[in-house]
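Data block below; observations after.
The values are calculated or read from the model by the stated rules, or taken from the named source; none is laboratory data. The shown structure was predicted, so the numbers you read here are calculated from the model rather than taken from an experiment. Ideal geometry is used to build each Cβ from the backbone, glycine not excepted, and the neighbour counts take in all protein chains shown.
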Amino acid sequence: MNVFIVYAHPEPRSLNGALKDPAVRTLTGLGHTVEVSDLYAMGWKAQADGADFLDRAGAGRLSYVRESGHAFATGTQTPDVTAEQEKLLWSDAVILQFPLWWFSMPAILKGWVDRVFAFGFAYGVGRHEGERWGDRYGEGKLTGRRAMLSTTIGGRGPHYSERGVNGRLDDLPFPIQHGILFYPGMAVLQPHTVFQVDRLSDEHWPQIADNWRARLRGLFDEPPIPYRRQNAGHYDGQQLLKPGLGAGEGGTRIHLLQPSEPPERPDGARHQRADRHP
């Protein structure tokens, strides 16, 4: 299988770097092919602006969405964006490796998403009619691929618990996991997280490495987070969850399938990649 790691940390000797390197070795040892985009080493352009478009569709005020769609449709995207899209299409699984900075991803990684997840590639895909608002949230060009966040956090685990001051860890990555990875169709696994990274000593590393290797061995077997697919009958024409669904849950958790609920419709879902190798 093909695994694409997007790595975002400015220091190769960081814990993030220490997690990236054994990930490559472990996955390669399991027979997978691995590709890494080291965004800082690549000098990735993080800002999304008019320089991203080689052939502008319109003069005057920049409409990034319109220009993004035009560039993708006409093959006039910048080479760096096209190369990253090709890696995503090549992959069977995507791992985002980054430190949690201010409750989100580093700016360089967000800039990678802003530029690579282009109109016509990751959004603005499919027909819009009735209850269907395009191929998104469980459908799209990246359907059939798996995705996982591997993050390091300086804070303590209890701070990210049900009653923790920082909020539940399950809720914090929702914009990334649901809004970025599930949106174009990827099946998202629970994040892999290491806490208190600034207080770790060398003696902690063997257990951290063992835990990480165990997650990697299950990359293609572990059940994904059961997010509801948009076009499977659970949302109405206004994209609101239908009455009776999500009972007893609140916040982002209402968008998880509950065991007591009726199953989603299978129609409209593309569970397999058209280009998946036999």
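Taking into account only those residues within region 110-131 that are of a type outside the set (A, V, I, L, M, F, W, C) and under 17 Å from residue 76 (Cβ atoms), which is modelled with the lowest pLDDT?
Keep residues of region 110-131 that are of a type outside the set (A, V, I, L, M, F, W, C), which gives 110-111, 114-115, 120, 123-124, 126-131.
With the extra rule that they be under 17 Å from residue 76 (Cβ atoms), the set shrinks to 115, 120, 124.
Values: 115: 98, 120: 96, 124: 92.
Taking the candidates together, the pick is 124.
Checking residue 155 against (1) of a type outside the set (Lys, Arg); (2) modelled with pLDDT of 90 or more; (3) out of contact with any strand residue (DSSP E or B) (no Cβ under 9 Å at 6 or more places or on another chain), only one condition comes out false. Which one?
The one condition residue 155 does not meet is (2).
Scan region 40-59 for residues that are of a type in the set (A, V, I, L, M, F, W, C), in a loop (DSSP other than H, G, I, E, B) and under 25 Å from the mean Cα position of the chain (by Cα) and jot them down.
44, 46, 48
Suppose the filter is β-branched (Val, Ile, Thr) and under 20 Å from residue 251 (Cβ atoms); does residue 180 pass it?
Spelling it out, residue 180 is indeed β-branched (Val, Ile, Thr) and under 20 Å from residue 251 (Cβ atoms).
Are any residues in region 140-166 in contact (Cβ under 8 Å) with a residue 12 or more places away in the chain and assigned to a loop (DSSP other than H, G, I, E, B), and if so, which ones?
Correct list: 140, 141, 142, 143, 144, 145, 153, 154, 155, 156, 166.
Got a number for residues in region 60-98 being hydrophobic (A, V, I, L, M, F, W, C) and assigned to a loop (DSSP other than H, G, I, E, B)?
Residues that pass the stated criteria total 1.
Which members of region 107-139 meet the condition of being among the small types (Gly, Ala, Ser), surrounded by fewer than 23 Cβ atoms within 10 Å (Cβ to Cβ), assigned to a loop (DSSP other than H, G, I, E, B) and in contact with a strand residue (DSSP E or B) (Cβ under 9 Å, 6 or more places away or on another chain)?
126, 134
Could you tell me whether residue 45 is charged (D, E, K, R) and either exposed (fewer than 15 other Cβ atoms within 10 Å of the Cβ) or under 20 Å from residue 218 (Cα atoms) (or both)?
Values: charged (D, E, K, R): yes; either exposed (fewer than 15 other Cβ atoms within 10 Å of the Cβ) or under 20 Å from residue 218 (Cα atoms) (or both): no.
In short, no.
Take the conditions touching a Gly at 6+ places or on another chain (Cβ under 9 Å), charged (D, E, K, R) and not in a loop (DSSP other than H, G, I, E, B) and apply them to residue 198. Does it pass?
Details: touching a Gly at 6+ places or on another chain (Cβ under 9 Å): yes; charged (D, E, K, R): yes; not in a loop (DSSP other than H, G, I, E, B): yes.
In short, yes.
Could you give every pair whose Cβ atoms fall below 8 Å, whose first residue belongs to region 221-247 and is in contact (Cβ under 8 Å) with a residue 12 or more places away in the chain and part of a loop (DSSP other than H, G, I, E, B), and whose second residue is buried (at least 18 other Cβ atoms within 10 Å of the Cβ) and among the basic types (Lys, Arg), counting only separations of at least 6 or pairs across chains?
Short answer, once both residue conditions are applied: 222/215; 224/146; 230/136; 234/228.
Could you tell me whether any residue of region 76-93 is polar (S, T, N, Q), out of contact with any Pro (no Cβ under 7 Å at 6 or more places or on another chain), in contact (Cβ under 8 Å) with a residue 12 or more places away in the chain and under 28 Å from residue 21 (Cα atoms)?
Looking only at region 76-93, we keep the residues that are polar (S, T, N, Q), and these are 76-78, 82, 85, 91.
The next check asks that each one be out of contact with any Pro (no Cβ under 7 Å at 6 or more places or on another chain); those that pass are 76-78, 82, 85, 91.
Imposing the further condition that a residue be in contact (Cβ under 8 Å) with a residue 12 or more places away in the chain reduces the set to 76-78, 85, 91.
After this cut, where a residue has to be under 28 Å from residue 21 (Cα atoms) as well, the list is 85, 91.
Looking through region 76-93, at least one residue is polar (S, T, N, Q), out of contact with any Pro (no Cβ under 7 Å at 6 or more places or on another chain), in contact (Cβ under 8 Å) with a residue 12 or more places away in the chain and under 28 Å from residue 21 (Cα atoms).
Which residues, taken from region 16-39, are more than 14 Å from residue 108 (Cα to Cα), in a helix (DSSP H, G or I) and in contact with a Leu (Cβ under 7 Å, 6 or more places away or on another chain)? Break it down stepwise before answering.
Let us first name the residues in region 16-39 that are more than 14 Å from residue 108 (Cα to Cα), namely 16-36.
Retained after the next criterion (residues that are in a helix (DSSP H, G or I)): 16-29.
The answer is 23, 26, 27.
Taking region 236-267 as the search range and keeping residues that are within 17 Å of residue 137 (Cα to Cα) and among the acidic types (Asp, Glu), which one is surrounded by the fewest Cβ atoms within 10 Å (Cβ to Cβ)?
267
Right, residue 34: without any contact (Cβ under 8 Å) to a residue 24 or more places away in the chain, surrounded by 16 or more Cβ atoms within 10 Å (Cβ to Cβ), farther than 28 Å from residue 124 by Cα and under 20 Å from the mean Cα position of the chain (by Cα) or not? Write out each step before concluding.
On the way: without any contact (Cβ under 8 Å) to a residue 24 or more places away in the chain: no; surrounded by 16 or more Cβ atoms within 10 Å (Cβ to Cβ): yes; farther than 28 Å from residue 124 by Cα: yes; under 20 Å from the mean Cα position of the chain (by Cα): yes.
Criteria not met by residue 34.
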